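What follows draws every value from the coordinates through simple rules; no lab data is involved. What you are looking at is a predicted structure, and each value in this text was computed from that prediction instead of being measured. Methodologically, a virtual Cβ is constructed for each residue, glycine included, from the backbone with ideal geometry; neighbour enumeration extends over all protein chains shown.
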Amino acid sequence: MIAELGHLALVLAFGVAIVQTVVPLVGAQKGWSGWMAMAVPAASLQFLLIAASFAALTYSFVNSDFSVRLVALNSHSAKPMLYKISGVWGNHEGSMLLWVLIVALFGAMASWFGGGLPPKLKARALAVQASIGVAFLAFILLTSNPFLRLAQPPFDGQDLNPLLQDPGLAFHPPFLYLGYVGLSMAFSFAVAALIEGRVDAAWARWVRPWTLAAWIFLTIGIALGSWWAYYELGWGGFWFWDPVENASFMPWLFAAALLHSAIVVEKREALKSWTILLAILAFGFSLIGTFLVRSGVITSVHAFANDPERGVFILMILGVFTGGALTLFAVRASAMEAKGIFGMVSRESALVFNNILLAVSAIVVFIGTIWPLVAEMFFDRQLSVGAPFFEAAFTPFMVVLAIILPFGALMPWKRAKLGKLVRPLVPAMVLAVAVALLAWSIQTERTILGPVGFLLGVWLVGGAATDLWSRLGRGPVSGRFGRMLRLPRADWGRVTAHAGLGVIFMGISGLMAWQVEDIRVANSAEPFEVADLTLMIREIRQVEGPNYLSTTADIVVSKNGEEVALLQPEKRVYPVQAMPTTEAAIDNGFWRDIYVVIGDPQDSGGYAVRTFIKPFANWIWAGSLIMALGGLLSLSDRRYRVAAGAAKQKPVQGVPAE
């Protein structure tokens, strides 16, 4: 009964979404205030209905209702409760339901907190948002119904993919979806502005919080996925340029460009057309990612390899929304007249350069991701584009971005003088060079990657500190520190996010340049050396988990005769799916991680053991969290909340509908 109620709620939400799409658009076109106002209750009702449907599916998973086909295929009665819940979105149908729930959530929030929006813009934006819901609700109801029943329910389920039974991946999809699905709100505002033919500073002020919120969630989601891959898959890496990883990374790059471009629209009323285009591309690449993950055209450990027919449906949605928005953009772009003018050396120019670097780097990632498919379809060639291509093609753009970013943050609007910019940044330059020389002198291998990465990272952190200091005015140092707490949160957010990027640069370069790897067959009670550490297998034991069997090793790590850590890597087997997984054991540290993986027993005795010493590994995820914190600080600034800082406009007098 609960499953049927969930299905009914989904059908009703589909009907409400159609009403929300049509009625407000007609009302905005005709100037009928009553029809425009219908968007607000419709958005709330659509969200509540989809939330009820999602709750019904969650109830079925939690209670192990194996008469529901989706539960039987993706759950098991012995599975821990966390993974019963995460099983709701650990499959194609459930994840699509989460997808439309987030689309409806953002639309509802825009209706709740958009009181200062002009009625016509608000009505059109909510209508466009609802149209996205219509498309994906139709996709779910016609091709991916999560509430299908089984005529003969099994005694127990087939369990969730063991690789997904992990806390990191339990929370990774919701954050990721809140990110790239959340970009739909920026898209809706962009299309609404194109229909209206008007983009101004107030529009940019309204669209920025939604983009910023999506970017924050996307940052956290990507970081969680990277962290999961690092400790769960046993490969020892943090980023593999997997097509599914790229599917979330490309919208992140476009969203970052959109955030910076919207600043120019808000402050100077320039780059209007470019900002609209970025909003379309950011969500367009989210749809491209959805297609890649769900069409079956790629193979990935965290892809939903479904039948191509579903992929064709998503491709049609992609064509309608992205193609339609780009067509409307081509028709209306000439109306987006830019008012502000600026010199070649100015903050506007720096932000334009920033946008170009981010957008082109996203296109490079897209080409590398899609090229194997193009080669197979049109040239009948099997190609593999891996990390070497992406690292060679993508890295130069990030290096240039890191170099210019501190300069751009200090530049004034309209025009600037380079001489005045360089002087305050000299201490940051000196510190960056000194740290790079120190890294070069103490490293055991002569690699340029580590020193250059630390030079750029310290340069970014030092530039962020200089930016913050420059906002404090002149006068005694004590007076400056007193003014620090009174700075707008948006300023704190900017410098925090830029500093977080610097920490990521140092973490990635340090790990890639100075990592130590050792692979060997190790016997119990026989110590072996890795770098300056001594490792020894103390014991191998069999452990029974809630829904798996584990071969667990107790490995003692010591240095200079003193025990540093006791690591317990595992080799698990999940009997239901008869699938083995590797559970790495990691001793986390500020400067380095000790990372150990136990392999299979060898015919000659002993076990295969893989050991890594990973310098600065945790700096990567710490930097990501610092960036997300910077976004949260900016989002908490009241000037950047929806309609905050904008003059309250009198409601447009609508013409009552006949």
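Summary table below
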| read-out | value |
| --- | --- |
| Label-point separation in nm, PHE378 to LEU625, each point 7 Å along Cα→Cβ | 4.5 |
| Gap separating the Cα centres of region 1-77 and region 557-634, nearest whole Å | 42 |
| Cα-based radius of gyration of region 517-617 once divided by 2.2 N^0.38 Å, which approximates compact folds | 1.09 |
| Aspartates and glutamates with Cα under 12 Å of LYS122, excluding same-chain neighbours fewer than 8 positions away | GLU196 |
| Reach of LYS84 by Cα under 14 Å, taken over aspartates and glutamates that are not fewer than 8 positions away in the same chain | ASP65, ASP156, ASP159, ASP166 |
| Phi to ³J(HN,Hα) by Karplus 6.51 cos²θ - 1.76 cosθ + 1.60 over region 453-468, Hz, x for Gly, Pro | x, 6, 4, 5, x, 5, 4, 5, 5, x, x, 5, 5, 5, 4, 4 |
| Potential extension, SER524-ARG415 segment - 0.36 nm per residue separation minus Cα distance | 32.3 nm |
| Cross-link pairs beyond the 26 Å C-alpha cut-off, checked among LYS571/LYS614; LYS559/LYS614; LYS120/LYS414; LYS267/LYS420 | LYS120/LYS414 |
| Segment TRP591-TRP235, length gained on full extension (0.36 nm per residue, minus Cα span) | 126.1 nm |
| Full-extension gain in nm, SER550 to ASP200, via 0.36 nm per residue minus C-alpha separation | 120.0 nm |
| Estimated FRET transfer efficiency when R0 is 25 angstrom, pair VAL399-GLU445 (beta carbons, to 0.05) | 0.75 |
| Length-normalised contact order of region 319-456 in % [C-alpha pairs under 8 Å, at least 6 apart] | 27 |
| Placed amide H near TRP413: partners under 5 Å, 5+ positions off or other chain | ARG347 |
| Percent antiparallel among DSSP beta bridges (both partners in region 517-617, rounded to 5) | 100 |
| Under Karplus coefficients 6.51, -1.76 and 1.60, residue-wise ³J(HN,Hα) of region 93-99 in Hz, glycine/proline x | 5, x, 5, 5, 5, 4, 4 |
| Label of the coordinate-derived value, semi-axes √(5λ) of the Cα gyration tensor in Å, listed as (1) 73, 28, 23; (2) 50, 30, 21; (3) 42, 37, 20 | (3) |
| Whole-number percent relative contact order across region 191-416, with pairs defined as alpha carbons under 8 Å at least 6 apart | 23 |
| Pairwise centroid distance, computed over Cα atoms, of region 129-172 with region 249-272, Å | 34 |
| Label point distance in nm, VAL433-LEU8, each placed 7 Å from Cα along Cα→Cβ | 7.5 |
| Shape call, region 1-165: gyration tensor on alpha carbons, a/c limit 1.5 | prolate |
| Length-normalised contact order of the chain in % [C-alpha pairs under 8 Å, at least 6 apart] | 13 |
